[in-house]
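This report concerns only the one structure given below.
Every number in this text was worked out from the coordinates using simple rules, so none of it is lab data. For clarity, every value in this text was computed on a predicted model and none was experimentally measured. Every residue, glycine as well, gets a Cβ built from its backbone with ideal geometry; the counts of neighbours run over all protein chains shown.
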Amino acid sequence: MRIRKRFLFSLLTILVYCAGAVAPAYAHALLVRSNPAPNADLPAAPAQVELYFSEAVEPGLSTVSVLDSNGRTVDLGDVRVDPTNPTRMTVSLGSLQDGVYTVAWKAISATDGHLTSGSFPFAIGNVNAAALAAQVPKTSSQLPASALISKWLLLASLALIVGQISFVAFVWHPALKKSDEISAEIQEPRIWKTFSQVALIGLLFGLALSILSEAGQASGNELAWPWSPDAGRVLLDTRIGVIWLIRLGLAFLLVWLVKSRGSGWKRWAIFIAGLASFLSISLTAHAATEANPVIPVISDWIHMIGMSFWLGGLPFLFSGLRALKTLSDVIRTKLTSIAMERFSAMALASVAAIGVTGLYAAYLRVGSFRELYASIYGDALLVKQVFVGLLLVLAAVNLLFISPRLKKARLDGVGNAVLVTRFGKMVLAEIVLGSLLLLSVSLLTYLPPAKIIPPSFDLSGSANAGDLHVSINVSPGLVGQNAFTVNLTSNGQPVDAVKEALLRFTPSQTNVAPSEVQLLAAGNGNYTTKGSFLSLPGNWQIQVVVRRENKFDDYANFNFSVVAPGSNRESAATSNVAGGVILLDGLLFVLAMIPLKGNRILQLSASGLFSLVFVVAGIFYATRPVISANAQANPIAPDPQSIAAGKSLYEAHCVVCHGEDGKGDGPLGRTLIPRPADLTIHAVPGVHTDAQLYDWITNGFPGSAMPAWRAQLSDTDRWNLVNFIRTLAPKQN
């Protein structure tokens, strides 16, 4: 009866795990939409190319370029990742002739540094539609061998470090207390020290390989040299680099703790440092990109801890059992049976944790059984489950057949050396499968997940007004062109019978007049409009006005903080943080060198030299001034006086080329090749920052006949001109 219960429990565990267990899934910045769209046929050149990705991309390492049919670059080179929406990357365009153009992009994920790249065509003017349609947009992601190896080394090394502590504390020492015939060699087999050294070497080598592989991806190579500019940018200017430096400090701390281990508190300090290292991996997992990342990150972390308790403890179980060979068959059988029972209990708890967190990760990253069988990620996940299934089958055989027989021999006071040896071979097979399982986890790291939900930066809110429930959504919620959607319900039912629905926009700036727009009915209680009504950064009140027959007007007020594209929501001082971590790493490096054996003079010289490098670099980057993002802001408010001054300047200097309405059709402009820029599209808020327009007025527009006005116009004149040019954007109704 007991065996039957164990069998049912084990079978249930296998089914639950195989149905949903998912290794921690990592991120890819995949292109989800663009403006212009792939294969679009446009009547005129757009002001810029916009790319939107499934997650934040890394500024400085991500690029986009626009090429003509001859392969020449025609963009202005001002590639920019929008800090307010880091999934958006743009590049400006000048005046383009009719023809087919290709957008080529490379995106480095800001979460885990994985590289994706692709291209797509678009056309301007009169072109061969069939030729355009024949060009297929492409997207690809690299699968570097160095990155796979480094990930496997990190996971395997940390699993050994954490697995040893958990195995000794919860399995080995409690089992050995059942016998008085235990030598020091059995208490702590010498090979365990070798395991610890191998784990530390693997951890440090994996860390070095990971940062060089990351920098290599940024430059399009397998690996980068440690002194290359790309390695420096990744290390000092990215979130990934800061987390890598923290991981390096934890590795130095582990070296010191492991090599100088003697007291009990150091053993648990090793355990905590190992768990912290696993957490640093979770912080670069796709879980960290969720809208509410706390629970996904913790779940991912628990998943890896469960893996380390189970798989990380297997080498110590196998080597510990071999150390028992010096004992009599009776004692050996007894201790093997007790250790097996305790390890099985720990492994079952680990499998339960892995299964639950795996189901949650499957919901986030796969979403459905259809995607499980219809995506590359799902196929790789199913292959991984083969290894998981084999591991669980071996575990079930041990639990259901070998364990009861060992326990019977133990209770009968007899030895069974054959059964003990057979169990050792089963554990060895589990170690091999566990290594392959970790390799498959590393492979899954570099495959895009099947379920992709692009992050949203929309503004939204809801309120009650009379008998109405009013909801509003503003997308993308930045200065410039936005889509506004209002939903009206009453007693849970959509309200379509309204006389008029309006939006009123009131900015916090008292020198800018409020504006108003009528919403268009879209059915099912929805009312929509588009336009550049949020024309300035700052606080805005959006009032929804609903007028119905035979009812009082209803009003709902919503207050939003609107951020201009290109301005940071918070200070970006990544290199300063990196500098502080480098200083701490220098101190931990000295600590790690103290317990190492060898020539003390050579050790002191090496540690002193490297520590000096750490200290100098840390102080330099920790104290480096942070470049303020306020350079994007226009210092002159667009009040009537500024706009009038800008209009006078425009009429005196710009009309001859750009024309009265800014369409590039002035008397001189018609004779120029390429034609002057159409300001009605470049002036739309959100397309270019004020600073970009100011720069073009100051230094000239690249690839055109527009001169630099730095010498002729003062700073104030040029900012006033920017404010007037904004008024040339099409008015939205």
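Distance from the Cα centroid of the range 40-101 to that of the range 684-733 is 20 Å (rounded to whole angstrom). Converting phi to 3J(HN,Hα) with the Karplus coefficients 6.51, -1.76 and 1.60 and the offset θ = phi - 60°, the range 711-717 yields 6, 8, 10, 6, 4, 4, 4 Hz in sequence order, with x at every glycine or proline. Here the range 641-681 and the range 482-511 have alpha carbon centers that stand 37 Å from each other.
Taken about its Cα centre, the range 459-562 carries a charge dipole of roughly 140 debye when the Cβ of each Lys and Arg holds +1 and the Cβ of each Asp and Glu holds -1.
Taking 35 Å as R0, compute the FRET efficiency from the Cβ-Cβ separation of residue 191 and residue 349 and round it to 0.05.
Numbers: r = 26 Å, r/R0 = 0.75.
Efficiency for this residue pair is about 0.85.
Relative to the compact globular guide of 2.2 N^0.38 Å, what is the alpha carbon radius of gyration of the range 31-141, as a ratio? Before the final figure, lay out the partial values.
Working: Rg = 13.6 Å, N = 111, 2.2 N^0.38 = 13.2 Å.
Ratio of Rg to 2.2 N^0.38 Å for the range 31-141: 1.03.
Annotation for the range 22-118: trypsin sites (Lys or Arg not before Pro) lying in DSSP loop with at most 11 further Cβ atoms inside 10 Å of their Cβ are 72.
Cross-link partners of residue 647 among aspartates and glutamates, defined as those whose alpha carbon lies under 17 angstrom from its own and excluding same-chain residues fewer than eight positions apart: 639, 660, 661, 678, 690, 715, 717.
Run the numbers for residue 33 and residue 699: contour at 0.36 nm per residue of separation, minus the present Cα-Cα distance, in nm. Please report the intermediate quantities before stating the final value.
Working: separation 666, 0.36 × 666 = 239.76 nm, distance 3.24 nm.
Taking 0.36 nm per residue and subtracting the Cα distance, the gain is 236.5 nm.
The largest-to-smallest principal axis extents of the Cα set in the range 459-562 are 37, 24, 19 Å. The aspartates and glutamates whose alpha-carbon is closer than 17 Å to the alpha-carbon of residue 334, local same-chain residues fewer than 8 away aside, are 180, 181, 412.
What FRET efficiency comes out for the pair residue 272/residue 715, r = Cβ-Cβ distance, R0 = 56 Å, nearest 0.05? Computed FRET efficiency for residue 272 and residue 715 comes out at 0.50.
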